[in-house]
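Beneath this line is the structure, given in structure tokens, with notes to follow.
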Amino acid sequence: MKLPAPARVGIVGAGQLGRMLALAGIPLGLHCVFLDRGLDAPGAEVAPILVGDLQDPRLLAELASKSDVLTFDWENVPAPALAALGGDVLIRPAPAALEASQDRLREKALFSRLKIPVTPHAAIDSREDLDRALRRLGLPGVLKTRRLGYDGKGQFVIRRAGDVDPACAALGCTDLIYEKFQAFSLEVSIIGARAPSGECVYYPLSANTHADGILHYCIAPYRNASLERQARRYLRRVMEALDYVGVLAIEFFVVGGKLLANEMAPRVHNSGHWTIEGCVTSQFENHLRAICGLPLGSTRALGAAAMINFLGTMPDRGRLLQIDGLAYHDYGKSPRPGRKLGHCTILGARARDRDSALKMALKLISRT
Ligand code: AMP
């Protein structure tokens with residue numbers, strides 16, 4: 001007898017990504033339940049939540065008992081905490097995929113093993129390692145924590161010799177990675193989904209602009225047939241190597257017309273928020289479809305989109321909502337400098353191409 005598709009989805013982490021996953025699950029008839037640290041987590045407004053530490057074995061077990069499948073909006077849950085669930089619940093993507101992305105060094109080793117080019121880099125566990133790396137790779141470079149860095153946190157750009165001591169003081173001199181600073185022409189990301197059957201779908205490329213290490217805006221689809229082919233090939237390699245189920249994102253630097261992988265995210269990704277309004281099936285819905293063993297949906301773009309993050313403060317909602325073709329997303333978070341509080345996507349009708357969509361969106365945001 002064929003087992004029914006999972007209908008109860010446990011989500012570790014109830015940030016904005018979890019919230020948008022739960023919202024996408026409602027029309028599919030899926031019921032999401034979260035685990036996160038506080039009742040004020042963005043997801044808690046849209047689905048039930050267990051409150052406590054994301055690594056708490058008791059709470060993870062309780063979440064598993066309420067779920068047919070477990071997934072994540074935060075990929076840093078330690079493997080032992082997941083291993084303790086001992087096969088009682090489907091975990092998608094599998095813990096091995098999370099582990100591969102939790103450490104920048106392991107992630108780069110995986111990319112290299114799969115013949116996906118990466119930025120020249122070195123492991124740093126002492127000041128001597130750093131001095132050696134500086135001699136080998138030169139300046140400028142970026143010193144990064146291997147684990148738990150996000151949105152530019154845990155990073156220090158070393159431009160000149162005088163930056164080395166402050167960088168070491170800021171990050172410590174162990175469990176780091178030193179990367180050559182890439183003079184890239186562009187940053188792009190690819191997002192795809194893989195079903196348990198091995199079927200893969202890919203979204204069009206997004207061109208991403210960061211400010212201080214945080215994603216500021218995306219334009220998509222970014223049309224470049226050669227880069228798109230490379231990106232799909234690389235994403236497929238990673239998904240197949242990890243026997244991946246769900247949505248996976250890889251961010252790249254474009255250098256000399258070629259892609260260099262910067263990092264991957266074993267989850268839905270900020271550079272895919274435009275797919276909510278901009279594609280037939282959003283990344284959130286396709287992640288749920290994949291992990292629940294439902295047919296994957298079309299990733300076809302419906303037009304040109306520009307997505308802008310609201311960082312630190314929210315804009316004037318009333319004014320933005322007057323704009324035809326603008327979709328507004330408020331995550332319900334309290335303001336803090338640099339924090340991702342929401343985003344908007346401007347789509348198609350008002351923008352004949354991606355450049356005019358972007359120009360319009362940026363003009364709006366700069367007036368907020
Ligand atoms: P990450 O946390 O590694 O995604 O870094 C955040 C952002 O910092 C990237 O999207 C780039 O804009 C910038 N960045 C990180 N590493 C490098 C590098 N090796 N060379 C140039 N820019 C970098």
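Using 0.36 nm per residue and subtracting the Cα-Cα separation, the extra length available between Leu294 and Lys363 on full extension is 20.8 nm. The ranking of Met264, Met314 by Cβ neighbour count inside 10 Å, starting from the fewest, reads Met314, Met264. Listed by chain and number, the aspartates and glutamates whose C-alpha is less than 18 Å from the C-alpha of Lys340, apart from same-chain residues fewer than 8 away, are Asp36, Asp40, Glu45, Asp73, Glu75, Asp151, Asp212, Asp316, Asp330. Taking a straight line from the alpha carbon of Lys333, these lysines sit under 23 Å away, with near neighbours fewer than eight places off in the same chain left out: Lys153.
Once Rg and the Kirkwood radius are both taken over the C-alpha atoms of segment 186-366, their ratio Rg/Rh works out to 0.96.
Can you tally the net charge around Gly246? Count Lys and Arg as +1, Asp and Glu as -1, for every other residue whose Cβ sits under 14 Å from the Cβ of Gly246. Could you put the intermediate results ahead of the total?
Working: positive: Arg92, Arg194, Arg267, Arg289; negative: Asp73, Glu75, Glu199, Glu240, Asp243, Glu285.
Around Gly246, the charge tally is -2.
How big is the charge dipole of the chain about its Cα centre, in debye rounded to the nearest 20, if each Lys and Arg gets +1 on its Cβ and each Asp and Glu gets -1 on its Cβ?
Values: 46 positive and 37 negative charges, 208 e Å.
Charge dipole of the chain: 1000 debye, to the nearest 20.
Within the straight-line cut-off of under 18 Å between alpha carbons, the lysines reachable from Lys108 are Lys144, Lys180, Lys258, sequence neighbours fewer than 8 places apart in one chain being disregarded.
Please report the antiparallel percentage of DSSP beta bridges with both residues in the chain, rounded to the nearest 5. Roughly 80 percent of the beta bridges in the chain run antiparallel, per DSSP.
Each of Asp53, Asp68 was scored by other Cβ atoms within 10 Å of its Cβ. Arranged with the fewest first, they read Asp53, Asp68.
Go ahead and estimate [θ] at 222 nm for the chain from helices alone: -39,500 (n - 2.57) per DSSP H run with n ≥ 4, summed, over the residue count, rounded to 500.
Values: 12 runs with 108 residues, N = 368.
When only DSSP H runs of four or more count, the value is -8500 deg cm²/dmol.
Calculated from the alpha-carbon coordinates, segment 1-119 shows an Rg and a Dmax of 15.3, 50 Å respectively.
What number comes out for the charge environment of Ala100, summing +1 per Lys or Arg and -1 per Asp or Glu over other residues with Cβ under 10 Å away? Walk me through the intermediate numbers first.
Details: positive: Arg106; negative: Glu75, Glu99, Asp103, Glu107.
Counting the neighbours of Ala100, the net charge comes to -3.
Near Gly25: Cβ cut-off under 13 Å, other residues only, Lys/Arg at +1 and Asp/Glu at -1. The net charge is 0. Distance from the C-alpha centroid of segment 22-101 to that of segment 298-345: 26 Å, rounded to the whole angstrom. Cβ-to-Cβ counts within 10 Å put Trp274, Trp74 in ascending order as Trp74, Trp274, the fewest first.
Only the coordinates and a few stated rules stand behind these numbers; no lab work does. Everything numeric here is computed off the predicted structure, so don't read it as measured data. Using ideal geometry, Cβ is built from the backbone for each residue, glycine included, and neighbour counts are taken over all protein chains shown.
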